[in-house]
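Here, each number is a calculation from the coordinates, and none is a lab measurement. Because the structure is predicted, anything quoted here is derived from the model rather than measured. Note: ideal-geometry Cβ built from the backbone for every residue, glycine included; neighbour counts use all protein chains shown.
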Amino acid sequence: MANIKSLTGMQDLYDDGDMKNLSSKLFEVEKRIKDIFINYKFQEIRTPVLEDANLFIRSVGSSSDIVNKEIYSFNDRNDKALAMRPEGTASVIRSIIEKKLELSTHKLWYLGPMWRYERPQKGRYRQFNQAGVEILGIPEGFPEYEMISIICSIIQDFDLKNCVIKINHLGTKENKESFCQALVNFLEPFKKELNEKDQERLEKNPLRILDSKSSETQSILKNSPSIKDFVDESSIDLLNSLKNEFSDLCNIEIDHKLVRGLDYYSGFVFEAISSELGAQDSFLGGGRYDYLCSQLGGKEMPAIGMAIGLERFSEIVSLKNNQKKLVSFIIQTSNLEPKAYKIAHHLRSLNKDIVLDISLSEGSLKSKMRKANKNNADFAIILGEEELNNKSVVIKPLKDELKEQQAVSIDDLYSFYKAL
Ligand code: HAM
């Protein structure tokens, strides 16, 4: 019988502690990003990964690529159309409406897998992980600064090089609509020169043409109307102010062609890109979406948020291997295990900064020592029959050849371990 394999575009992640591996980096990145969110007083929200498919059709938008061709949806046993979430924002708003929490303010964070049926390639998976934040209930102003500040903190914390935060302002709903109309009027005479995908965008979602990867389309767009001529002065002032305040911390660029691929955005939008990523160069994206809550049946609630693509982010960070000391506890005969586990239990409670690895497998002292060295352990604690009869253990330094191993009493082991 053929082996069952994982699905295309979906991967298993293993943490082997080696920070050269993408999976191990991803676990470490998750921990550190979570800490940054908590430092900014965001609170965690966990929503189900499966939702009513209509949630995404009504929020992300029926003209977006995500809903058009990338959504993982299927009918359940009751013939209800469900979808694996392609992103986190819509679910957060659904939850706020359901709990009738639209009238208070919230700062929320989430982290978890998302699904999009894309053509898999480097940096583009069918199951991938996002860490995101949403600030709910506060109109344009302070939250924009908080958002750029948290992005700069993340970029600085990981010492990311070669990245740029692109920012733009789509104006009010009316501004966005007038600009969209002007863009369509401009592009109509060039319709035949556009490729099939951009022709389709012209019909369904003209703003997305600005993101086109086609060089022909981009050269046509050189003389197209610019959003900056359709938005209020205050929108341009906000972009300039954000750039002025944070440019000393991170590379910030105003890009009037940035539109974002989800329909719910209004006002301020942004993306962070890295030149180290290749074609899929955006590792973070977000913006304001003041109308989404009312669009989904709730009260009006201004909102802004962003999400980081953790696989892409992990690709561009360099991390050092864990600096914590490692001690290998080696048991020579299996009948000593109960005693050894009790000693190890006490040791772990004495010093939480040390990783204590107790050998679980059978094998000779020699093979266990070889494994401890391979794991780069700092010390080995060896417990044999003779040692236990004398209520002692052997401590063997593994990184300093000049230091001799020594037999110590269990009480002295506890003091030694606490002081490590
Ligand atoms: P998004 O731009 O669609 O925004 O996704 C955010 C990030 O997720 C992207 O910048 C990218 O790094 C990563 N990403 C997207 N698709 C894939 C994929 N197929 N494989 C790997 N990584 C991927 C959102 O999802 C919005 N919900 C962000 C937001 C929050 N806006 C307001 N609040």
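Some observations on this one:
- Here the ratio of the Cα radius of gyration of the chain to 2.2 N^0.38 Å is 1.26.
- If R0 equals 41 Å, the separation of the Cβ atoms of GLU253 and LEU350 corresponds to a calculated FRET efficiency of about 0.20.
- The loop-placed trypsin sites (Lys or Arg not before Pro) in the stretch 277-342, going by DSSP, that have at most 16 neighbouring Cβ atoms within 10 Å of their Cβ come out as LYS299, LYS320, LYS324.
- Of all the options VAL259, VAL29, VAL327, the one that moves most in a Gaussian network model of the chain with Cα springs shorter than 10 angstrom is VAL327.
- Fraction of antiparallel bridges per DSSP, the chain only, in percent to nearest 5: 75
- Sequence-ordered 3J(HN,Hα) estimates for the stretch 193-204 from the Karplus curve with 6.51, -1.76 and 1.60 and θ = phi - 60° stand at 7, 7, 6, 4, 5, 6, 5, 5, 5, 4, 6, 9 Hz, glycine and proline given as x.
- Hydrodynamic radius of the stretch 171-227 per Kirkwood, over alpha carbon pairs, in Å: 11.3
- Least to most buried among ASP290, ASP232, ASP159, ASP378 (fewest other Cβ within 10 Å first): ASP159, ASP232, ASP378, ASP290
- With semi-axes defined as the square roots of five times the eigenvalues of the C-alpha gyration tensor, the equivalent ellipsoid of the stretch 1-103 measures 28, 25, 12 Å, largest first.
- GNM top mover of SER392, SER234, SER314 - the chain, alpha-carbon springs below 10 Å: SER392
- Cross-link pairs beyond the 31 Å C-alpha cut-off, checked among LYS325/LYS366; LYS213/LYS299; LYS20/LYS222; LYS342/LYS399; LYS100/LYS166: LYS213/LYS299; LYS20/LYS222; LYS100/LYS166
- Computed over the stretch 282-420, the quotient of the alpha carbon radius of gyration and 2.2 N^0.38 Å is 1.72.
- Loop-located trypsin sites (Lys or Arg not before Pro) in the stretch 137-235 whose Cβ has at most 15 other Cβ within 10 Å (DSSP): LYS161, LYS213, LYS222
- Taking θ as phi - 60° and the Karplus parameters 6.51, -1.76 and 1.60, the scalar couplings of the stretch 345-361 work out to 4, 5, 4, 4, 6, 7, 8, 7, 8, 10, 8, 10, 10, 9, 5, 9, 9 Hz in sequence order, x denoting glycine and proline.
- Taking amide H as placed 1.01 Å from N in the peptide plane, LEU284 has its amide H under 5 Å from the amide H of ALA272, GLY309, each at least 5 places away in sequence or on another chain.
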